[in-house]
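Reviewing the structure listed below.
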Amino acid sequence: MRKYRNSIIKKSILVYSVIVMFISLLAMFFSYSSEKNVLLSDLNLRLVQIETEYEDIIGNFWNIYMPVYENTENEMTLRNYFNSKEELSPVEKINLKRLLHYMAARDRRVQWVAAIRNDVVSYIYYSDKDSFSEILDGFPFIGDVKNKQNQMEIYGLHKENDGDEDVKCLAIAGGVPDLSNGGAIIAGYNTGRLNSFSKGNKEFESVIFEGSRSGRVIYHSSSEPVDINSAFFLPFGREGSRLLLINHHLYMMRFSENNNDTTKFFYLIKLSEYIVKTIKLPILILIAIIIIGIAAWNLYLRNMDLVMDEVGVIQDSLKKIGHNNLEHRINYDFNHSEFSIIAASINKMAEKLDENINRARIYEQKQKEAEMKELSAKFNPHFLYNTLEIFRARCYENDDPETAELIGTTASIFRGFIGAKTFIPINEELASTRRYLSLFKARYEGRVSVYYDIKSEILSYGIIRNAFQPLIENYFEHGIDPEKDDNYIRIKGSVKDEENIEFLIEDNGIGMGIKEIAELNSRITEPINNEKESYGLKNLNQRLNLFYGDGYGIRIFPGEKKGVIISMLIKKQSCETTDE
Amino acid sequence: MYKVMLVDDESAVLDILKNRINWQELGVDSLLYAPDGQTALKKMAEQKIDIVISDIQMPGMNGLDLSGQIKKLYPDTRILLLTAYGEFEYARKAIQLGVENYLLKPVVKEEIEQNIRNTLDNLYRKRLKDPELLKENVLRRWILGTISGEELADRAGVLGINMYMPSYAVLCFSGRNKEIPTGIISEGLKKEFAGDDIFTLWDEKGKYTAIVAGQNIDKEILKDKAEKLIKDNGLENNIIIAIGAVVNDAENIHISYRIASDLIEMNDSCKAGAILTQITVNGDMESELIMEEVRTFFFIGDDEIIKNGIERLAIKFYKNQERGKALYNFMKCCSRVIIQEFEESEKPQVEAYFTEGIPDESISDSMSLENYISKIKEVFDFENSIFKKCFDSLSPIVRLTMQTIHSSVLEGKGISIKEFCSRNGMNPAYLGHIFKKETGYFFNDYLMNSRIRRSVILLRNPSRKIKDIAEQVGFSSTSYFVKCFRAVKGVSPVQYRIDNSENGR
């Protein structure tokens, strides 16, 4: 049954753990997702914004470009420039400047417009300075123009050293009316707005926005463009995201939805930064769950321990009580009220047991006392004494002093039987025993002798009344050999040890066999069953046992040569301290 | 004469005292009565009361308070207390009041009589009331055998005397000089018998007596310890020690005492420093016969009879082989009779003869019959003179009483103090008193002893019946004779006869 319950508990714990894990994973996932969305949404927006701006720029280019050709004058100017073989006249320069200015003015974003010819001088107009100058050789876009193939081409950022700083701009080149000599009109756009979009994200430090057209990087927010093509694409990726390895760093790349084959905008985030940013919350959640889990487990274990401790206390106490230590009580302040109730019940049970056992003992003793009292109540002792006194006086008158003495002894013996106290000085008990023996001696007329050997120091202690009488009766009934003349019974008494006194009653009578003695020894320890057994050795043994406790009583041994030795063990107890 | 007063609010004890006790024989002429303590004290103010017997539970002043008063006002008066069963604790406190004893009510005649006799004995012998008075009384009665088993068991418990030892023995110490160094002896005993109990007291005849109770006591050990006692304390010139038989029952101590006492008596002439032990189990019947004859001669006073009797004895001795010994023995027997009849104080007189030289045995052996007879006569005359001296120191009435007792015993006639007194016109109480005073014996005790001694002679004849003997010596009943015989000799008459016939003549 227990095994079954244990396995169910184990299974439930397992299931519970699994569910908790599952839920925690879900929670982690959801928190991750929401974090990601929150974090990336800004970037995505920016990507769109960059795209839009770019489209706008592109779109607007033609607005700049076309109207120029619609004006005949402008067209002439352009044609002149592109077709001339020589340097332009100042008037032609002014016209060109005017033209370029006109173009630049149509879009605020335009930083400069340049007319570039591959072979002769190119001119550039800066809108902010309103300056018109020749393009020097180091002009970044010259190379691109040379390689121009399409009508419109977009050139990515170049670093242009404008005096003190590098300026990145986007250039769009449009075709010229007459492409005989090559060249183009290029407008350089301020990427400020693009930059503001790409750098406006506060969350990610490593984010790089890039756009490319036909394989050519046209915008990049980092200082150097990232070469996608040299990157190693990891096989992971979901819609819109890819992981790639560039220069030993892992990046996450997100594409714009509007990407087509030619124009691609994306941003890159260092994977480490991305992970750190997105995983914070889930990890926190995980840690929290783990802590809670551990705490809960601990709490559970601690409670178990507490319970087991308290159970242990109860176990120990029960063991003590079980070992007959009925006075032991559980005095523990339990945390669990149920245990306090159990302890109280146990205490009560022990108390009742103790009480009952004591009561039984007292009852037995009272029984004996009552029996004695009943005996004394059955006849009026004074009547007896007075009658005996009459007999005694008559014996003296008839010159029979011996019989008179015997009658006197008998009266004293009766006085002893019906006496009030059950615990008397050993002196008195021995005197009573002597009287009792004198009656028996008279009966056996010199064929039995009585010897005493009592150490003086034990005379002051007490003993229960009528302790020796059953032993004497027993001797005269079973021990004495009527054929012999030299029967004797000897009563010895001495201190056995610090607490006890031992009496030895020896005789040289008929004696008993070893087996008989063993039987008798065990018989006298059995409880008294019927009236017939009320007197004699069994009664004496029980009385001693009841009064003094376990281990006290009588034991029979075989005599050295003949007869028996009866050992009686009592406690050293004085009459003053034993008040009844 | 002594006066006794009973103080009791009940009459039961008074009845016993009035009707059952022979006061005159004891030398008490009045028995007074008071119903309570106040009246008692009033009466005591009017006349000298020697013994007060008082109940404890009385209206008004109780017996203990009365005892205290008497002790203060009349320190010589002796007190016996009566207590009901269960008031033992009160009575035991009485010991501290210096009473003679306490007795259990209802009073048993024998017990109260024994106690009264003992108290009177104390009075006659002028014994001092020392703090251990009750104990001494008990011990004395114990060795004399005049205390009942009941009383002994109870008093022994109170006095801390262990009555349940394996062995008991009595030692008697007799001084060669006047003073017995009791202090030295007592200390010496305590040392020698360190593991045993020792109780000491003065017996009736002035012998210092010790009761030994212990585990390892036998004749040899006692002898060794007695010798050591004398040696270690330099008592070689002072005392002799007699060792009684060892008995196993406390109630038989009187046997041991009697043996020790007899030993002292019989060996009165031995040197100082001797240890006496019993050689034969029973008395020497031969000597006892001689003693009785001598006693008769002493008291009869008829020279003719004496002469013939002595001659007869001398011839008998002569016929035996050991004449010298017989002479010496004869001398000893005469001395013993004198010692028995008179107090210790006369002893030096007897010794005087021996210092003049004991007759040489060898000479006696070779004497002729005539010489031998005259030698015997010589010895007898010397002893007789001593006897006469002692006897004449008594008052005439006592002398007459003693002689009358002896002749009545010889004739087998009964005699009582009352008869005797009425015949001679005397106050019986006065006679009882003076007799005890001068001889140390109560009249009836002396009479009884004389009868028993006489019966010993009669027992010699195996064909005589005990019954006849009892009658012949004047006992009123055979059982009483047997009881008295046993009290004096320790064995029944029949047993005595058997024992002595075995010893041969």
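Against the longest alpha carbon principal axis of chain A, how many degrees, from 0 to 90 and to the nearest 10, is the axis of helix A:90-105 turned?
30 degrees
Quick check: with the 1.4 Å probe, what order do A:VAL38, B:VAL494, A:VAL120 take by accessible area, largest first? Can you show the working numbers first?
Working: A:VAL38 100, B:VAL494 75, A:VAL120 45 Å².
Order by accessible area, largest first: A:VAL38, B:VAL494, A:VAL120.
Any chance you could list the semi-axes, whole Å, largest first, of the equivalent ellipsoid that the Cα gyration tensor gives for region B:1-153, using √(5λ)? Let's see the in-between values first.
Working: eigenvalues 81, 61, 54 Å².
With the √(5λ) rule applied to region B:1-153, the semi-axes are 20, 18, 16 Å.
Helix A:2-70 versus the longest principal axis of chain A: what angle, 0 to 90°, nearest 10, using Cα atoms?
10 degrees
Based on the Kirkwood radius over alpha-carbon pairs, what value in µm²/s does the Stokes-Einstein equation return for the translational diffusion coefficient of chain A at 4 °C and 1.567 mPa s?
Numbers: Rh = 37.1 Å.
Approximately 35 µm²/s, per Stokes-Einstein.
Can you give the local net charge around A:GLU134? Use residues other than it whose beta-carbon is closer than 11 angstrom to its beta-carbon, Lys and Arg +1, Asp and Glu -1.
On the way: positive: A:LYS93; negative: A:GLU87, A:ASP137.
After counting each charged neighbour, the total is -1.
Once you have the Cα-Cα distance between A:LYS3 and A:ILE362, take 0.36 nm times their residue separation minus that, and quote the gain in nm to one decimal.
Working: separation 359, 0.36 × 359 = 129.24 nm, distance 4.99 nm.
Full extension of this stretch gives 124.2 nm more.
Between 0 and 90 degrees, rounded to the nearest ten: what's the tilt of helix A:514-523 against the longest Cα principal axis of chain A?
For A:514-523 against chain A, the angle is about 70 degrees.
So what is log10(I(q)/I(0)) for region A:308-451 at q = 0.10, 0.21 1/Å, when the Debye sum runs over its Cα atoms only?
-0.61, -1.23
Find which of B:ILE180, A:TRP297, A:LEU194 sits farthest along the positive direction of the dipole of the protein assembly as shown, computed with +1 on the beta-carbon of Lys and Arg, -1 on that of Asp and Glu, about the Cα centre.
B:ILE180
Hey, what's region A:324-367 come to in accessible area per residue, 1.4 Å probe, Å²?
Details: 3360 Å² over 44 residues.
Averaged over the residues of region A:324-367, the accessible area is 76 Å².
Cα centroids of region B:430-505 and region B:217-264: how far apart, whole angstrom?
With region B:430-505 and region B:217-264 each reduced to a Cα centre, they are spaced 27 Å.
Nearest 20 debye, what's the magnitude of the dipole of region B:164-277 about its Cα centre given +1 on Lys and Arg Cβ and -1 on Asp and Glu Cβ?
On the way: 13 positive and 18 negative charges, 66 e Å.
Value, rounded to 20: 320 debye.
Report the semi-axes of the equivalent ellipsoid for region A:257-342 in whole Å, largest first, where each axis is √(5λ) for an eigenvalue λ of the Cα gyration tensor.
Over the Cα atoms of region A:257-342, the ellipsoid semi-axes are 67, 9, 9 Å.
Answer with one residue from A:LEU504, A:HIS478, A:THR72: the one whose Cα lies farthest towards the positive end of the charge dipole of chain A, charges on Cβ with Lys, Arg +1 and Asp, Glu -1.
Of A:LEU504, A:HIS478, A:THR72, it is A:HIS478.
Pop a pseudo-label 7 angstrom from the Cα along the beta-carbon direction at both A:TYR444 and B:ASP197 and give the gap in nm to one decimal.
2.5 nm
Determine the distance separating the Cα centre of region A:67-104 from the Cα centre of region A:184-227; give it in Å without decimals.
Computed from Cα coordinates, the inter-centre distance equals 31 Å.
Charges at C-beta only: +1 for Lys and Arg, -1 for Asp and Glu. How large is the resulting dipole of chain B about its Cα centre, in Debye rounded to 20? All intermediate terms of the calculation are to be shown ahead of the outcome.
Numbers: 67 positive and 75 negative charges, 124 e Å.
The calculation lands at about 600 debye.
Please give, to one decimal in nm, the separation of the simple spin-label points placed at B:SER476 and A:ASN83, each 7 Å out from Cα toward the Cβ.
That separation, rounded to one decimal, is 20.5 nm.
Which order do B:SER492, B:SER501, A:SER456, B:SER256 take by accessible area at a 1.4 Å probe, largest first?
Details: B:SER492 25, B:SER501 85, A:SER456 50, B:SER256 0 Å².
From most exposed to least exposed: B:SER501, A:SER456, B:SER492, B:SER256.
Keeping all protein chains in place and using 1.4 angstrom, which order do B:GLU111, B:GLU150, B:GLU132 fall into by accessible surface area, from largest down? Don't skip to the end; give the middle numbers.
On the way: B:GLU111 30, B:GLU150 65, B:GLU132 105 Å².
Putting B:GLU111, B:GLU150, B:GLU132 in descending order of accessible area: B:GLU132, B:GLU150, B:GLU111.
Please report, ordered by residue number, every helix of chain B (full DSSP H runs) that is 18 Å or longer along its axis going by C-alpha atoms and whose mean Kyte-Doolittle hydropathy reaches -1.0. It would help to have the intermediate numbers written out before the result.
Values: long enough: B:109-124 (22 Å, -1.36); B:219-232 (19 Å, -1.08); B:253-266 (20 Å, 0.56); B:285-300 (22 Å, 0.57); B:303-319 (24 Å, -0.32); B:323-341 (27 Å, -0.07); B:369-392 (33 Å, -0.33); B:396-411 (22 Å, 0.47); B:443-459 (24 Å, 0.14).
Those that pass (Cα extent of 18 Å or more, hydropathy at least -1.0) are B:253-266, B:285-300, B:303-319, B:323-341, B:369-392, B:396-411, B:443-459.
Tell me, what % of the accessible area of the protein assembly as shown is carbon and sulfur with a 1.4 angstrom probe?
Details: 29030 of 55230 Å².
Answer for the protein assembly as shown is 53 percent, counting heavy atoms of protein chains only.
What shape does region B:99-232 take by its C-alpha gyration tensor, where a ≥ b ≥ c are the square roots of the eigenvalues and a/c under 1.5 counts as rounded, a/b above b/c as prolate, and the rest as oblate?
On the way: a/c = 2.43, a/b = 1.48, b/c = 1.65.
It is oblate, given that a/c is not under 1.5 and a/b is not larger than b/c.
Can you list the residues, at least 5 places off or on another chain, whose amide H is less than 5 Å from the amide H of A:ASN487, using H built in the peptide plane?
For A:ASN487, the qualifying residues are A:SER449.
Ballpark to the nearest 100 Å², how much total accessible area do B and A bury together, probe 1.4 Å?
Values: alone 22680 and 34540 Å², together 55230 Å².
Buried area between the two chains comes out at roughly 2000 Å².
Mind checking B:162-169 for the average number of partner chain beta-carbons within 10 Å of each residue's beta-carbon? Please list the in-between numbers first.
Numbers: counts 9, 7, 17, 6, 6, 3, 0, 0.
Partner-chain Cβ atoms within 10 Å, mean over residues of B:162-169: 6.
Mind checking the dipole of the protein assembly as shown: about its Cα centre, +1 per Lys or Arg Cβ, -1 per Asp or Glu Cβ, Debye to the nearest 20? Walk me through the intermediate numbers first.
Numbers: 137 positive and 157 negative charges, 335 e Å.
Here the size comes out at about 1620 debye.
For chain B, with every protein chain kept in place, what is the accessible area per residue (1.4 Å probe, Å²)?
Details: 21680 Å² over 505 residues.
Solvent-accessible surface per residue comes out at 43 Å².
To the nearest 10 square angstrom, what accessible area does A:ASP128 show with a 1.4 Å probe?
Surface accessible to solvent at A:ASP128 totals approximately 110 Å².
Of all beta bridges DSSP finds with both residues in the protein assembly as shown, what is the antiparallel percent, to the nearest 5? Please list the in-between numbers first.
Values: 96 of 126 bridges.
Given both bridge residues lie in the protein assembly as shown, the antiparallel proportion sits at roughly 75 percent.
Heavy-atom accessible area of A:CYS575 with all protein chains present, probe 1.4 Å, nearest 10 Å²?
In the full protein context, A:CYS575 sits at about 30 Å².
Please name the residues of region B:128-159 whose accessible area, counted over protein heavy atoms with a 1.4 angstrom probe, falls by no less than 50 Å² between the chain alone and the full protein assembly.
B:GLU150
Please state the equivalent ellipsoid semi-axes for region A:324-367: what are the square roots of 5 times the Cα gyration tensor eigenvalues, largest first, in whole Å? Present the calculation step by step, with values, prior to reporting the outcome.
Numbers: eigenvalues 173, 14, 5 Å².
Equivalent ellipsoid semi-axes, largest first: 29, 8, 5 Å.
Mind checking the mean number of beta-carbon atoms from other chains within 10 Å of the Cβ atoms in A:445-453?
Partner Cβ neighbours, averaged per residue: 3.
What value, in deg cm²/dmol to 500, does the helix sum -39500 (n - 2.57) over DSSP H runs of n ≥ 4 give at 222 nm once divided by the residues of the protein assembly as shown?
Working: 37 runs with 579 residues, N = 1085.
Per the formula, -17500 deg cm²/dmol.
Using a simple spin-label model with points 7 Å from Cα along the Cα→Cβ vector, what separation in nm is obtained for B:GLN69 and B:LEU32?
1.3 nm
If you take the charge dipole of region A:198-325 about its Cα centre, with +1 on Lys and Arg Cβ and -1 on Asp and Glu Cβ, which of A:SER272, A:ILE314, A:ASN260 is farthest toward its positive end?
Projecting each Cα onto the dipole axis, the largest value belongs to A:ASN260.
The values are calculated or read from the model by the stated rules, or taken from the named source; none is laboratory data. From a predicted model like this one, the values you see are computed outputs, not experimental measurements. Please note: Cβ atoms are built from the backbone with ideal geometry, for glycine as well, and neighbour counts cover all protein chains shown. In case anyone asks, the SASA skips ligands and DNA or RNA and just uses the protein heavy atoms, side chains included. Shrake-Rupley method; radii C 1.70, N 1.55, O 1.52, S 1.80 Å.
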